[in-house]
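I have placed the structure first, in the form of structure tokens, so that the comments after it can refer back to it.
The values are calculated or read from the model by the stated rules, or taken from the named source; none is laboratory data. All of these numbers come straight from a predicted model, not from anything done at the bench. Every residue, glycine among them, receives a Cβ derived from its backbone with ideal geometry; neighbour counts consider all protein chains shown.
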Amino acid sequence: MATNTHTTAPTKRPARARKAALGDGAIQKLRIRVRAYEHKILDASVKQIMDTAVRFDATVIGPIPLPTELKKYTVNRAAFIYKDAREQYEMRTHRRVIDILNPSPKVIEALTNLSLPSGVSIDVKMM
């Protein structure tokens, strides 16, 4: 007769417990999400953000490319009949993520005063 010698894996601590275990030495992180329709403008903006952060001796992780969001639209070419004749259009939204570890107030001030080209949207979150 075979015996069951299966052991269970150790359970992971929840996120709250991990943060409590870290105590005062917790690492603050500034997460910047950048989105644009044109990848060249996006890459130039990301480079500008990275140069600003490095100028103030901040630790930078990224840029991390996220999947491109595709929105496809199909419209009829003609107004009345000719249902088979259609046009297809797509909008691509390119995205990047940059993390800045333990940002100083000078870094945050420099990033808020940064002027980026139109067509680039930014979401900044402190984690």
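Quick check on residue 20: is it at pLDDT below 90, surrounded by 11 or more Cβ atoms within 10 Å (Cβ to Cβ) and either more than 15 Å from the chain's Cα centre (by Cα) or farther than 19 Å from residue 105 by Cβ (or both)?
The answer is yes for residue 20.
Any idea which of 95, 55 is of a type in the set (Lys, Arg) and within 16 Å of the chain's Cα centre (by Cα)?
Details: 55 fails: within 16 Å of the chain's Cα centre (by Cα).
Step by step, each of 95, 55 is checked, and only 95 is of a type in the set (Lys, Arg) and within 16 Å of the chain's Cα centre (by Cα).
Out of segment 115-127, which residues are in a loop (DSSP other than H, G, I, E, B) and surrounded by 14 or more Cβ atoms within 10 Å (Cβ to Cβ)? Write out each step before concluding.
If we filter segment 115-127 for residues that are in a loop (DSSP other than H, G, I, E, B), which is where we start, we get 115-119, 127.
Result: 116, single match.
Can you name the condition, by its number, that residue 57 falls short on among (1) touching a strand residue (DSSP E or B) at 6+ places or on another chain (Cβ under 6 Å); (2) part of a loop (DSSP other than H, G, I, E, B); (3) loosely packed, with under 12 Cβ neighbours inside 10 Å?
Evaluating residue 57 over (1) touching a strand residue (DSSP E or B) at 6+ places or on another chain (Cβ under 6 Å); (2) part of a loop (DSSP other than H, G, I, E, B); (3) loosely packed, with under 12 Cβ neighbours inside 10 Å leaves (1) as the failure.
With 97, 75 as the choices, which residue is surrounded by 13 or more Cβ atoms within 10 Å (Cβ to Cβ) and either of a type outside the set (Phe, Trp, Tyr) or assigned to a helix (DSSP H, G or I) (or both)?
Checking each option against the conditions leaves just 97.
Can you list residue pairs whose Cβ atoms sit under 6 Å apart, with the first residue in segment 57-72 being in contact (Cβ under 8 Å) with a residue 24 or more places away in the chain and more than 29 Å from residue 27 (Cα to Cα) and the second being part of a strand (DSSP E or B) and not charged (D, E, K, R)? Count only pairs 6 or more apart in sequence or on different chains.
Listed pairs, sorted by first residue: 68/94; 69/93.
Within segment 98-113, is there a residue that is of a type in the set (A, V, I, L, M, F, W, C), under 14 Å from residue 39 (Cα atoms) and more than 17 Å from the chain's Cα centre (by Cα)? Let's see the steps before the verdict.
Initially, segment 98-113 is screened for residues of a type in the set (A, V, I, L, M, F, W, C), giving 98, 100-101, 107-108, 110-111.
Going one step further and asking which of them are under 14 Å from residue 39 (Cα atoms), we end up with none.
The answer is no; no qualifying residue exists.
Sort out which residues of segment 78-94 are assigned to a strand (DSSP E or B) and not aromatic (Phe, Trp, Tyr), and write them in order of number.
86, 87, 88, 90, 91, 92, 93, 94
What single numbered condition from (1) modelled with pLDDT of 90 or more; (2) surrounded by 11 or more Cβ atoms within 10 Å (Cβ to Cβ) fails to hold for residue 13?
The number of the failed condition is (1).
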